[in-house]
């Protein structure tokens, strides 16, 4: 799995490096000794492309896999990304920071704390409310930030 | 008439220092999180503070985390940070044979004395170095920054290619935005939100906080660590303190020396200090069995590294590690340019930093004495609580820094990318250091060429630049040789 992911990333970086080199050609050239706005990004893009090719070649010749992603780990990872995305989206769309924060924390605690006994669910709710109150104290009362 | 405004300002900064220390010791103690996540979480708050308060708060996180790492190393037998690993060698046997409090006492005294040693060296040497640095040309500054990146690429990871890619990505990210010399928009994809470059807080939160949370999510989220928080009294007698003076001094010296070097950092310094203290001790055989010097030396090295790492940053404006690069972000946020000009033009600010740094170390000692048991108990908090809390506070911090949801989404996207890079062995610390150094490198390179009317020989025209060039070449050659030898060994 690592080899495939490594190769995928090397290809992605290679494409990114090429795109930067092409984009940099369109930037104005410098004068009076200046190398121009595009020279530095072009050099870096070329470096990225070259390093990616070296990495890809090395990986093809000799590679050892050091990790395996289990299905459960992948599910946990996707769940976390979705949870964070929904927190930001809810906050952005409703404009209600404190409400979105409590909802996110409560949902995350409930999902990730595997013991879902009534006592633990109450604890999840209490910790969510305490953290939200802490955020309100720190951001709004202390730093004067108005979220809503 | 004595001017007390100085002390008043220091007193005003004490709550920020206290907050930084609390967060630093807490995150340093929690295995896997560490100082960078702590600094990342507090960086957004610095927008609402004065420059000195913000920087001292972040430095306090750095100092506090160095001690915090030892708490879990001794109490939990798992080092909270990589640099606390050598502390385990004697800390764990002493905790078992005497008490955890005694081992933590040596750790706390070592950390405090090391921190004060680092502060003394910083205060004594920063100004002379800055004065000498005023003579440096743009070409010299370019080569100095380049040397930092070359060293970092060579040392940060076992995989040189991935290390270089991380540096290149950081440099590319640093070129995004409007070019200061020509006014051209570069690599912004037409997005106005990127005209000033990517939001630094967003990048730091994505790279370190969100990627760490994603890493936690694939691990054991419900694991509750068991600790025995009995006998946590960290007091030492005068005889016990004097018994480790030599090891503390050795550790402090090693720490400052390695802190100055770019890319080396506390992990190397603490191991070197342990080895040096053992070699120079009359009781060499006692090391590994609960010898106090084996705890004091690496801890003194960890904390004196902070002063050492600040030296090239404050005097030359070049950060040498990821932590200092993030602290450099606070300087950028407040429009303060570190380097020789800062020393000359703003001596009051520098004085505030120096005195605040000493106060930070003293406060760390007081907090360590009073709250070590609390920090030890915090180790039992499961990741199922920590991960969502870190996410919520770090993303809120990104929003505070700009009031723009684009930056919050950017932090998440970078977090996903950084997670992939971390599990594949890319050192993301290189990325942040390169991002901070990119404007320094490009501006000094282009300005040197403009002054020399396009003559590239300007980069090898002075003894200093030739030395820098030579050092960079030696490090690169040594790295290539190392790779070749390892490939041969793997082949055979």
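For the stretch A:128-147, does any single residue satisfy the condition of being in contact with a helix residue (DSSP H, G or I) (Cβ under 6 Å, 6 or more places away or on another chain), outside any helix (DSSP H, G or I) and touching a residue at least 24 places away in the same chain (Cβ under 8 Å)?
yes
Only one residue in B:259, B:243, B:251 is at pLDDT below 90 and crowded, with 21+ Cβ neighbours inside 10 Å, so which one is that?
Being at pLDDT below 90 and crowded, with 21+ Cβ neighbours inside 10 Å holds for just one of B:259, B:243, B:251, which is B:259.
Kindly evaluate residue B:448 against the criterion of being more than 27 Å from the chain's Cα centre (by Cα) and modelled with pLDDT of 85 or more.
Spelling it out, residue B:448 is indeed more than 27 Å from the chain's Cα centre (by Cα) and modelled with pLDDT of 85 or more.
Within the stretch A:1-48, track down each residue that is within 21 Å of residue B:138 (Cβ to Cβ) and facing chain B (nearest Cβ under 8 Å).
Across the stretch A:1-48, the qualifying residues are A:30, A:32, A:33, A:34, A:35, A:36, A:37, A:38, A:40, A:41, A:44.
When the residues of the stretch A:121-148 are narrowed to those that are more than 10 Å from chain B (Cβ to nearest Cβ) and more than 28 Å from residue B:45 (Cα to Cα), which ends up surrounded by the fewest Cβ atoms within 10 Å (Cβ to Cβ)?
Looking at the filtered set, the residue picked out is A:122.
Just wondering, is there one or more residues in the stretch B:368-376 that are free of Cβ contacts under 8 Å to residues at least 24 places away in the same chain, closer than 28 Å to residue A:134 by Cα and more than 19 Å from the chain's Cα centre (by Cα)?
Within the stretch B:368-376, the subset free of Cβ contacts under 8 Å to residues at least 24 places away in the same chain is B:370, B:374.
Among the residues that remain, those that are also closer than 28 Å to residue A:134 by Cα are: B:370, B:374.
Filter again for more than 19 Å from the chain's Cα centre (by Cα), leaving B:370, B:374.
Yes: the stretch B:368-376 contains one or more residues that are free of Cβ contacts under 8 Å to residues at least 24 places away in the same chain, closer than 28 Å to residue A:134 by Cα and more than 19 Å from the chain's Cα centre (by Cα).
Quick check on my filter: what residues within the stretch A:49-63 are at pLDDT below 90 and either at the interface with another protein chain (Cβ under 9 Å from one of its Cβ atoms) or on the phi > 0 side of the Ramachandran plot (or both)?
The answer is A:58, A:62.
Residues that are closer than 20 Å to residue B:105 by Cα: list the helices (runs of 4 or more DSSP H) wholly contained in the stretch B:1-89 that include at least 1 such residues.
B:5-29, B:51-75
Would you check which residues across the stretch B:284-295 are over 16 Å from residue B:72 (Cα atoms) and either buried (at least 24 other Cβ atoms within 10 Å of the Cβ) or touching a strand residue (DSSP E or B) at 6+ places or on another chain (Cβ under 8 Å) (or both) and list them?
Residues satisfying the conditions are B:291, B:292, B:293, B:294.
Evaluate the following for residue B:98: is it out of contact with any strand residue (DSSP E or B) (no Cβ under 7 Å at 6 or more places or on another chain), closer than 18 Å to residue B:244 by Cα and surrounded by fewer than 24 Cβ atoms within 10 Å (Cβ to Cβ)?
yes
If I ask for residues that are assigned to a strand (DSSP E or B) and either within 10 Å of chain A (Cβ to nearest Cβ) or closer than 21 Å to residue A:10 by Cα (or both), which ones from the stretch B:156-182 would you list?
Within the stretch B:156-182, B:178 is the sole residue that qualifies.
Can we say residue B:339 is modelled with pLDDT under 85 and loosely packed, with under 15 Cβ neighbours inside 10 Å?
No.
The values are calculated or read from the model by the stated rules, or taken from the named source; none is laboratory data. Not measured: the values here are computed from a predicted model. In this analysis, Cβ positions are derived from the backbone assuming ideal geometry, glycine residues included, and neighbour counts consider all displayed protein chains.
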